[in-house]
1. Given (1) exposed (fewer than 13 other Cβ atoms within 10 Å of the Cβ); (2) of a type in the set (Asp, Glu); (3) touching a strand residue (DSSP E or B) at 6+ places or on another chain (Cβ under 8 Å), identify the lone condition not met by residue 78.
2. When you scan segment 106-118, do you find a residue that is β-branched (Val, Ile, Thr), farther than 27 Å from residue 24 by Cα and in contact with a His (Cβ under 6 Å, 6 or more places away or on another chain), even just one?
3. Just give me the residues in segment 126-140 being in contact (Cβ under 8 Å) with a residue 60 or more places away in the chain, under 18 Å from residue 90 (Cα atoms) and among the aliphatic types (A, V, I, L, M), in sequence order.
4. Considering each of 99, 150 in turn, give the residue that is surrounded by fewer than 12 Cβ atoms within 10 Å (Cβ to Cβ), modelled with pLDDT under 85 and not acidic (Asp, Glu).
5. I'd like to check something: does segment 115-124 contain any residue that is touching a Ser or Thr at 6+ places or on another chain (Cβ under 8 Å), among the hydrophobic types (A, V, I, L, M, F, W, C) and closer than 15 Å to residue 83 by Cα?
6. Counting just the residues of segment 31-76 that are at pLDDT 95 or above and acidic (Asp, Glu), which one comes out nearest to residue 112 (Cα to Cα)?
7. Being out of contact with any Phe, Trp or Tyr (no Cβ under 6 Å at 6 or more places or on another chain) and closer than 16 Å to residue 80 by Cα is the requirement here; does residue 8 meet it?
Amino acid sequence: AADAFAASCGPGLASLRVRAPFGPVTVASLHLHWPWPYSQRRQIDRLMPLFRDAPGPLLMGGDFNAAPWSHAVARIAEVTRATPAPGLRFTFHGRVAALTPELSMPIDHVLADGQFRAVEIRVSGPVGSDHRAVIARFSLMGPVSSAAGLAAEPEAR
């Protein structure tokens, strides 16, 4: 397909359409601003057209700077037709300001559309950042949906 290697970028978003053994898949990395004092909501508003137009199947991960139950995560999940990986993972460990106590927060997420099933989700140990990496493995639920604009069966090689 001509779009098999299409890429898109927006403020805090990079996505790439790659060819997997079962057909094309969109893989996206997201880094949202803090809700305050920055305008996370405005950033999400600017990204909405890219989220809406992202072809499936879709896997998206990153620093959402928002809890899994937040309006920000819900908005992105709804427009991308993807679901946050199940479970609660405390991925941020640090201070948000010099005088605050050290906090642990679940603000890094992986979302997958309905064509994937989470096989394994875990958090790494320290990686030289105030965030821990979310390590996720997914399996394909069945043939890639042609409703997502993709071939129903993988291409033969």
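The values are calculated or read from the model by the stated rules, or taken from the named source; none is laboratory data. The shown structure was predicted, so the numbers you read here are calculated from the model rather than taken from an experiment. Backbone-built Cβ (ideal geometry, glycine too); neighbour counts: all protein chains shown.
1. (3)
2. Of segment 106-118, the ones β-branched (Val, Ile, Thr) are 107, 110.
Of the ones still in play, those that are also farther than 27 Å from residue 24 by Cα are 107.
Within this subset, residues satisfying the condition of being in contact with a His (Cβ under 6 Å, 6 or more places away or on another chain) are none.
Scanning segment 106-118 turns up no residue that is β-branched (Val, Ile, Thr), farther than 27 Å from residue 24 by Cα and in contact with a His (Cβ under 6 Å, 6 or more places away or on another chain).
3. First pass over segment 126-140, keeping only residues in contact (Cβ under 8 Å) with a residue 60 or more places away in the chain: 131, 134, 136, 138, 140.
Now narrow it down to the ones that are under 18 Å from residue 90 (Cα atoms): 131, 134, 136.
Result: 134, 136.
4. Details: 150 fails: surrounded by fewer than 12 Cβ atoms within 10 Å (Cβ to Cβ).
Checking each option against the conditions leaves just 99.
5. Residues of segment 115-124 that are touching a Ser or Thr at 6+ places or on another chain (Cβ under 8 Å), as a first pass: 115-117, 119, 123.
Still in the list and also among the hydrophobic types (A, V, I, L, M, F, W, C): 116, 119, 123.
Of the ones still in play, those that are also closer than 15 Å to residue 83 by Cα are 116, 119.
Yes, the conditions are met somewhere in segment 115-124.
6. Filtering segment 31-76 for residues that are at pLDDT 95 or above and acidic (Asp, Glu), the one nearest to residue 112 (Cα to Cα) comes out as 63.
7. On the way: out of contact with any Phe, Trp or Tyr (no Cβ under 6 Å at 6 or more places or on another chain): yes; closer than 16 Å to residue 80 by Cα: yes.
Taking the combined requirement at face value, the residue satisfies it.
Residue-by-condition table, conditions (1) surrounded by fewer than 19 Cβ atoms within 10 Å (Cβ to Cβ); (2) not polar (S, T, N, Q):
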site	(1), (2)
6	yes, yes
15	no, no
19	yes, yes
22	yes, yes
25	no, yes
51	no, yes
